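What follows is one structure encoded as structure tokens, with my remarks underneath.
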Amino acid sequence: MTNLPQAVAAKARTLAAAAGDPVSAFIYDLPALRRHVQWMKSCLPSGVELYYAIKANSEAPILQALEPFVDGFEISSGGEIARVRQCSGTHNFVFSGPGKLNSDLEQAMLNGVEMIHVESLDEIRRLDKIAARMGRRQPVLVRINPSLPPQLATKLSMAGAPTPFGIDESELPAAVALVEQCVHLELHGFHVHAMSHQLDVARHIQLLDWYLDKWPQWKALARNGERVRCLNAGGGMGVNYLQPAQFDWPQLCRHLAQRLAADTHAPRLRFEPGRFVSAFCGYYLMQVLDLKHSHGKGFAVCRGGTHQFRLPAAQAHDHPVLHLPAATSAAAAAGETEWTVVGQLCTPKDVLARDAALPGLAIGDLLLLPLAGAYGFNISHADFLCHPRPDQVFLDQAESETTLQWSETHAAHACS
Ligand SMILES: Cc1ncc(COP(=O)(O)O)c(C=O)c1O
């Protein structure tokens with residue numbers, strides 16, 4: 001299924017050889033990340049913007065690798081403002097999310113936020129007061145929770161259903177009127193982030209078409225529609241953790257090119273995916289500590305676990321596992337070919353993959369879990385059981401094509 005880049009395998013081996021104890025770590029392939037985002041950008045019709053939702057992975061080397069290729073970053077907290085500012089100079093950023101603190105709004109404006117996506121009537125009033133105090137006129141997008149047709153709902157809906165996100169479409173006229181009354185706010189358009197994990201490109205196309213059909217109606221709510229030009233259509237493109245076929249981004253982009261060319265009233269369209277940008281560059285490394293049998297099943301107990309890589313448990317899936325036999329491995333467990341890969345936690349929920357086909361597995365071997373670059377370490381409960389945090393290693397390639405020189409950053413310190 002997934003090919004393991006040679007450089008990642010080599011780094012995994014080096015880490016294991018250098019460590020006193022068996023290892024767990026995240027390894028990120030930054031050249032692959034750059035290639036992927038360049039490819040994403042190259043597929044988009046001209047004028048359509050690509051922002052990166054840094055909640056997927058906001059480590060400094062990831063943001064630095066992406067910065068030259070994305071049009072901006074999407075952030076959702078005061079902490080993420082600091083990530084963007086410490087790690088990426090002066091790049092554009094926009095601010096969404098429910099429950100924004102006054103101090104976050106103020107910090108965002110002090111740090112030159114491009115647009116704030118307002119999510120409630122109260123937030124609009126608060127933002128106007130803060131902007132007034134700061135002597136600023138702040139561009140905003142109103143985040144909508146639209147009344148989506150039922151066939152467009154997904155399993156992780158953030159819109160088209162009762163959710164704390166955005167402003168209910170029925171309140172949109174009031175929200176637009178309120179923004180227009182606020183002397184210190186400027187309405188620039190609308191924002192909709194409806195879902196995560198969309199694997200079906202046809203459904204995503206339907207969703208975007210639905211937004212674009214709605215756009216003239218939304219825009220017409222504004223008394224001064226001149227400035228209302230931006231539609232941020234969010235992220236949500238899924239990553240297929242179980243099969244090789246991935247979300248068909250080129251098909252989505254081809255459809256958009258046709259649709260936008262035919263639509264003279266189309267908005268300036270912007271996307272802000274997280275998962276689909278950074279997932280593919282990351283690998284979670286675990287080393288086998290023990291092999292056991294229990295009630296007819298084989299268990300590979302590994303260094304690390306779901307406290308470091310919660311994604312498989314959070315998604316309730318069996319993550320793919322790549323096997324890298326270690327040079328100094330013990331003899332393989334005879335006969336057993338399927339192993340349930342677990343970590344070091346004292347809970348039966350600490351499972352990364354059930355019944356994974358791992359013939360020849362031995363204590364000391366290395367396992368690499370791919371697709372770990374988004375919502376991996378940063379959504380994990382790393383302090384549970386007081387295990388040390390894993391190293392995060394960022395592999396980068398020097399300019400020369402022939403000599404590979406690897407630089408590493410331990411991200412825990414990169415932004416501090
Ligand atoms: C407002 C907003 N934009 C973008 C994203 C990124 O979503 P994804 O990683 O599914 O592309 C999220 C994720 O929750 C979000 O809340």
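Take the conditions more than 16 Å from the chain's Cα centre (by Cα) and either more than 16 Å from the ligand (Cβ to nearest atom) or aromatic (Phe, Trp, Tyr) (or both) and apply them to residue 61. Does it pass? So residue 61 does not fit the description; no.
Quick grid of which residues meet (1) surrounded by 21 or more Cβ atoms within 10 Å (Cβ to Cβ); (2) out of contact with any Pro (no Cβ under 6 Å at 6 or more places or on another chain):
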{"position": "101", "(1), (2)": "no, yes"}
{"position": "105", "(1), (2)": "yes, yes"}
{"position": "115", "(1), (2)": "yes, no"}
{"position": "126", "(1), (2)": "no, yes"}
{"position": "130", "(1), (2)": "no, yes"}
{"position": "135", "(1), (2)": "no, yes"}
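Within the range 159-176, if we keep just the residues that are without any contact (Cβ under 8 Å) to a residue 40 or more places away in the chain and open to solvent by 30 Å² or more (accessible area, probe 1.4 Å), the residue that is nearest to the ligand (Cβ to nearest atom) turns out to be 163. Residues of the range 1-12 that are of a type outside the set (Gly, Ala, Ser) and either touching a strand residue (DSSP E or B) at 6+ places or on another chain (Cβ under 7 Å) or in a loop (DSSP other than H, G, I, E, B) (or both): 1, 2, 3, 4, 5, 8, 11.
Mind listing just one residue for me: the one in the range 187-204 that is in a helix (DSSP H, G or I) and buried (at least 18 other Cβ atoms within 10 Å of the Cβ) and, of those, farthest from the ligand (Cβ to nearest atom)? Taking the candidates together, the pick is 201. Is it fair to say residue 119 is of a type in the set (Asp, Glu), under 18 Å from residue 95 (Cα atoms) and within 12 Å of the ligand (Cβ to nearest atom)? So residue 119 passes the test.
The values are calculated or read from the model by the stated rules, or taken from the named source; none is laboratory data. As the structure is a computational prediction, the values presented were derived from the model and not from experiment. Note: ideal-geometry Cβ built from the backbone for every residue, glycine included; neighbour counts use all protein chains shown. Heavy atoms of the whole protein, side chains included, go into the accessibility calculation; ligands, DNA and RNA do not. Shrake-Rupley method; radii C 1.70, N 1.55, O 1.52, S 1.80 Å.
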